[in-house]
Amino acid sequence: MRKFWCLFFMVWPILAIWLCWISPSYNWWFPGDALWKLGEQIDDLFYLLLIVVTVVFIGTQLALGYVLWKGSEAKTGHAWFSHGSHNLEVIWTILPAIILLFISLYQMDVLARIRLKQEFPEQVANDPVAEVSARQFEWRIRYPAPGKKLRALPQPDDLYTVNDLHIPVGKPVMIRLRSEDVQHSFGLPHLRLMQDAVPGLVIPVWFQSNKVGKYEIVCKELCGWGHYKMQGELTVELEEDYNAYLQELQEKMNDDGYSGDPAETVALSNED
Amino acid sequence: MKFRNILLSAGLLCAALTGCGEFKSEFSLNEKTTNLMPEAEDVVKEQLHEYFGTPEDLVGWLKFPIDYGAEETVTLRVKSFEESASGKIVLDVAADEQADYQGGSIKVSEEEIYQISSHDPSSGTVFVKPGIEAKLKTGDEVTIVKRHGGWKLKRGRNLYMKHCVHCHGVSGDGEGPTAQYLSPLPRDYRKGVFKFTSTISTEKAARRDLAQTLYEGIQGTSMPSFKLKLIGDDMEAMVGYVRFLATRGEFELRLDGEFGVDYSKDVVTRRIKDEDEKITRQEIIEEFRSMIESDLPDLVDSTATILAEDWERAESPDVMVVPKKPRPEPTPESIARGRALYLSKDTKCADCHGVTGYGDGKQTEEYAQMPGTTPPITYAKPGLYDDWGHPIKPRNLHSGMYRGGRRPIDIFRRISAGIKGTPMPGFGTSLNDDGKIWDLVNYVMSVPYENNSSEIKHAEKEVAEHTVK
Ligand SMILES: [Cu+2]
């Protein structure tokens, strides 16, 4: 029985490593490759943390196993009480402190590039493509009319949709993120991006996708009973498709139902 | 102590393994039905059961213009068949472009029908369970039932149970478990009345209207957009199921209306007490029974016919609100004309929406009369009420939120046909001039931007301050 506990504690690090190892092949890992440079850097940060904790975890588990094993063989003798050991206290205060300090300094650059407005790429810093308003439980989106800039106050010619954000591929874009009620969080798992939406604040968020496709927008802050269904879709498309989309949306927004033929007026909106 | 713990964990384990017991969803009865005398209530219940079934066992009444989904079959040749009872059959699927047989069944002859348990579309292999007893040879013809009759209604039901039931309730009564937290309340379909339609004020909602509501959601309410969830067939199936629930509810209400005149609980007690009529409860029951025996089939049939015609008519282009003129540019002149109309005696918009459009007109402070009450009874609290008896506020036109859609045509339709089931009337007939309605539309659409040019500070803070200076 004594040996069992040693083995028991040794099994966990092995199991953990095995699980991490097989995860990618079962699609339990990231939702695909990060779609932009900063996303990759965020992944790198994640891997760095993973390595640090793996080393610490395996180390502690091995030490625990070793101590138990030794103890199980000892027939007599007293335990060694480490409580109050000055040296030990100093070591396990300073070591983690160094690690944490290292991590916080190391990630500073990536964090700044995502969050600080003066680090935003120049072409997007003052030019949002859309305003995304989080609301229980949906994402309401407002675009400027094609060829115009998005203004802080809604304009008569703005274009509106819900849960459906389109951006051009391969270039940075910036959105204005707001909340109409409670705190939400705008999450783009494929881009490794997330930013809280806070009532009363308009938060600029920039990102870029280098691959066309449809990706998920999820709410990452528990915001009420319908949180789980607060999903949207990010469509990344070629510049010309993007422009065509906005053009089409504009036509829909201006639809006055007048065409002579009633059959044709049947909700443009129902065709995707 | 220890024993109790063991017992407790054993109990928990059992509960986890078996789930929370059998759950059966049921259509509930309208209050009007339960107010009938028990014999009449039973008749309504039986009719509903016969013609609409239960949520688990739906009945598609072919009288109604609802697409329940017809049976779809395909005849294929057997490529190979294993003699053993393994139930594995390889079919030649080259003839069928959409070889998706999941959930279907295979018909070897009229009597021998086997459920398909799994299937591999690429090789055409299907498995049936239990094994197949019939002798099959390569080259034999078998019929695959890809979709059973009524599949659309069932698909609609499944989707409804997944996406809508927690708000709109199993019977579409708007009393799902989340409804109590919502304002406005989810729609009770059972009146067959829908607010946002493209049809004239006297007609029902068309399929396209329900589809638009599902696609866009209802902005400013908790009714979400399902454009990412209901794709292809699913949208149609969903709309069909909403219509199914609405027809069911309306059918029930109409029967209640017929029987309620003489056989509601209140009326029966009154009749028994009535000195002149000299009738006992037993006699009333007899009277009801004989009425049912002679009239019920006709009553049911005519009720269903009326409903079917109503729904069918809504699809017709003749009752669709289509402007006869294009929208004029929202020039200051057009907006001023709209504003004048808005304040005029002809429309009385301001009585509800307020002179400045904040939704605070004088009617919001007056006592409204309950519909169908003689002598008139007013609601206990002042303000407007909708047909479901819930308080309702005229829209604050400054909010820039339009529940029925924000395209000019949407707002045109709201003003022309009104918002059904609410006090907001339609002006298509009374104004009788699409130019005037367009002026109103232009005015309404300009209201949210009235303050844009003035120096009113935006309440929100731009987070440029995030930057370290
Ligand atoms: Cu949320």
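The values are calculated or read from the model by the stated rules, or taken from the named source; none is laboratory data. Predicted model, so just to flag it, every value in this text is computed and none were measured. Backbone-built Cβ (ideal geometry, glycine too); neighbour counts: all protein chains shown. For accessibility, only protein heavy atoms count, side chains too; no ligands or nucleic acids. Shrake-Rupley method; radii C 1.70, N 1.55, O 1.52, S 1.80 Å.
Derived scalar couplings between HN and Hα for segment A:117-130 equal 5, 6, 8, 4, x, 4, 5, 10, 3, 10, 9, x, 7, 7 Hz in order, rounded to whole Hz, by the Karplus curve 6.51 cos²θ - 1.76 cosθ + 1.60 (θ = phi - 60°), x for Gly and Pro.
What does the net charge come to around B:Y379 if you take all other residues with beta carbon closer than 12 Å to its beta carbon, with K and R at +1 and D and E at -1? Don't skip to the answer; put the middle values down first.
Working: positive: B:K381; negative: B:E366, B:D386.
Result for the neighbourhood of B:Y379: -1.
For the pair segment B:255-315 / segment A:108-169, the C-alpha centres are spaced 61 Å from each other. Mean partner shielding of peptide B:399-409, defined as the number of other chain Cβ atoms within 10 Å of each residue Cβ, is 4. Mean separation of Cα pairs under 8 Å and 6 or more residues apart, divided by the residue count, gives chain B a relative contact order of 14 percent.
To the nearest 100 Å², how much accessible surface do chains A and B hide from each other in total, with a 1.4 Å probe?
Values: alone 17720 and 27150 Å², together 40940 Å².
Buried: approximately 3900 Å² between B and A.
Based on Cα contacts under 8 Å between residues 6+ apart, segment B:90-158 shows a relative contact order of 34 percent.
Please say if segment A:74-159 is rounded, prolate or oblate, where rounded means a/c under 1.5 for a ≥ b ≥ c the square roots of the C-alpha gyration tensor eigenvalues, and otherwise the choice is prolate for a/b larger than b/c and oblate otherwise? Because a/c hits 1.5 or more and a/b exceeds b/c, segment A:74-159 counts as prolate. Taking chain B as the reference, fit the longest principal axis to its C-alpha atoms, fit the long axis of helix B:434-446 to the helix C-alpha atoms, and give the angle between the two in degrees, 0 to 90, nearest 10. So the inclination is approximately 90 degrees. Using the Karplus relation 6.51 cos²θ - 1.76 cosθ + 1.60 with θ = phi - 60°, the per-residue 3J(HN,Hα) values for segment A:172-189 come to x, 10, 10, 10, 9, 9, 9, 10, 9, 9, 9, 7, 10, 9, 7, x, 10, x Hz, with x marking Gly and Pro.
Rounded to the nearest 10 degrees, the inclination of helix A:37-73 to the longest alpha-carbon principal axis of chain A is 20 degrees.
Please tell me which of these pairs span more than 26 angstrom C-alpha to C-alpha: A:K37/A:K117; A:K252/B:K393; B:K107/B:K227? Mind dumping the intermediate values first?
Working: A:K37/A:K117 18 Å; A:K252/B:K393 28 Å; B:K107/B:K227 37 Å.
Violating the 26 Å limit, Cα to Cα: A:K252/B:K393; B:K107/B:K227.
In terms of Cα to Cα distance under 16 Å, which aspartates and glutamates are near enough to B:K135, apart from those fewer than 8 places away along the same chain? B:K135 reaches B:E82, B:E83, B:E110, B:E111, B:E112. Over segment B:327-370, what percent of the accessible surface lies on carbon and sulfur atoms, probe 1.4 Å? Accessible surface attributable to carbon and sulfur in segment B:327-370 totals 55 percent. If you sort the three axes of the alpha carbon gyration tensor as a ≥ b ≥ c, you get a/c of 1.5 or more for the protein assembly as shown and a/b no higher than b/c, which makes it oblate. Structural size metrics of segment A:1-153, computed from C-alpha coordinates, are Rg and Dmax of 25.1, 85 Å. Placing pseudo-labels 7 Å out from each Cα toward the beta carbon at A:R151 and A:T93 gives an inter-label distance of 6.0 nm. Of the accessible area of segment A:122-254, computed with a 1.4 Å probe over protein heavy atoms only, carbon and sulfur atoms account for 50 percent.
Could you work out the relative contact order of segment B:332-464, using alpha carbon pairs under 8 angstrom and six or more residues apart, expressed as a whole percent? Walk me through the numbers before you get to the answer.
Working: 173 pairs, mean separation 33.3, N = 133.
In percent, rounded to a whole number, it is 25.
Give me the accessible area per residue for segment B:148-233, probe 1.4 Å, as a whole number in Å². Mind showing how you got there, number by number?
Working: 3280 Å² over 86 residues.
Per residue, segment B:148-233 has 38 Å² of solvent-accessible surface.
Since only A:I175, A:V205, A:I17 are under comparison, the one whose Cα sits farthest along the positive direction of the charge dipole of the protein assembly as shown, derived from C-beta charges on Lys, Arg, Asp and Glu, is A:I17. Take each peptide in B:409-417, A:128-136, B:159-167, count the other Cβ atoms within 10 Å of every residue, and average; sorted highest first, the result is B:409-417, A:128-136, B:159-167. What does the C-alpha gyration tensor say about the overall shape of segment B:345-412? Classify as rounded when a/c is under 1.5, otherwise prolate if a/b is larger than b/c, or oblate. Prolate. Would you mind checking the tilt of helix B:207-216 against the longest principal axis of the Cα atoms of chain B, expressed as 0 to 90 degrees and rounded to 10? Once rounded, one gets 80 degrees. Helical runs (DSSP H, four residues minimum) scored at -39500 (n - 2.57) apiece and divided by the length of chain B put the mean residue ellipticity at 222 nm at -12000 deg cm²/dmol.
Give the Rg/Rh ratio for segment B:332-464, taking Rg as the radius of gyration of the Cα atoms and Rh as the Kirkwood radius, to two decimals.
1.03
Residues whose amide H falls under 5 Å from that of B:G53, counting only those 5 or more places apart or on a different chain, are B:V59, with hydrogens built in the peptide plane.
Within the accessible area of segment B:72-147, what % is carbon and sulfur when the probe is 1.4 Å and the other protein chains stay in place? Could you put the intermediate results ahead of the total?
Details: 2040 of 4370 Å².
Result for segment B:72-147: 47 percent of the exposed heavy-atom area is carbon or sulfur.
Could you work out the Kirkwood radius for segment B:72-147, taking every pair of different alpha carbons, averaging 1/r and inverting it, reported in Å? Don't skip to the answer; put the middle values down first.
Values: mean 1/r = 0.0836 Å⁻¹.
Every distinct Cα pair counted, the radius reaches 12.0 Å.
Annotation: segment A:122-254 has a Kirkwood hydrodynamic radius of 14.8 angstrom, from the mean reciprocal C-alpha pair distance.
Mind checking the per residue accessible area of segment A:122-254 for me, 1.4 Å probe, whole number of Å²? Let's see the in-between values first.
On the way: 5340 Å² over 133 residues.
Here the residues of segment A:122-254 average 40 Å² of exposed surface.
The C-alpha atoms of chain B occupy a region whose extents along the principal axes are 88, 85, 71 Å, arranged from largest to smallest. Rolling a 1.4 Å probe over the heavy atoms of the protein chains gives segment B:332-464 an accessible area of 51 Å² per residue. Between segment B:56-81 and segment A:5-27, what is the C-alpha centre distance in whole Å? Going from one Cα centre to the other spans 50 Å.
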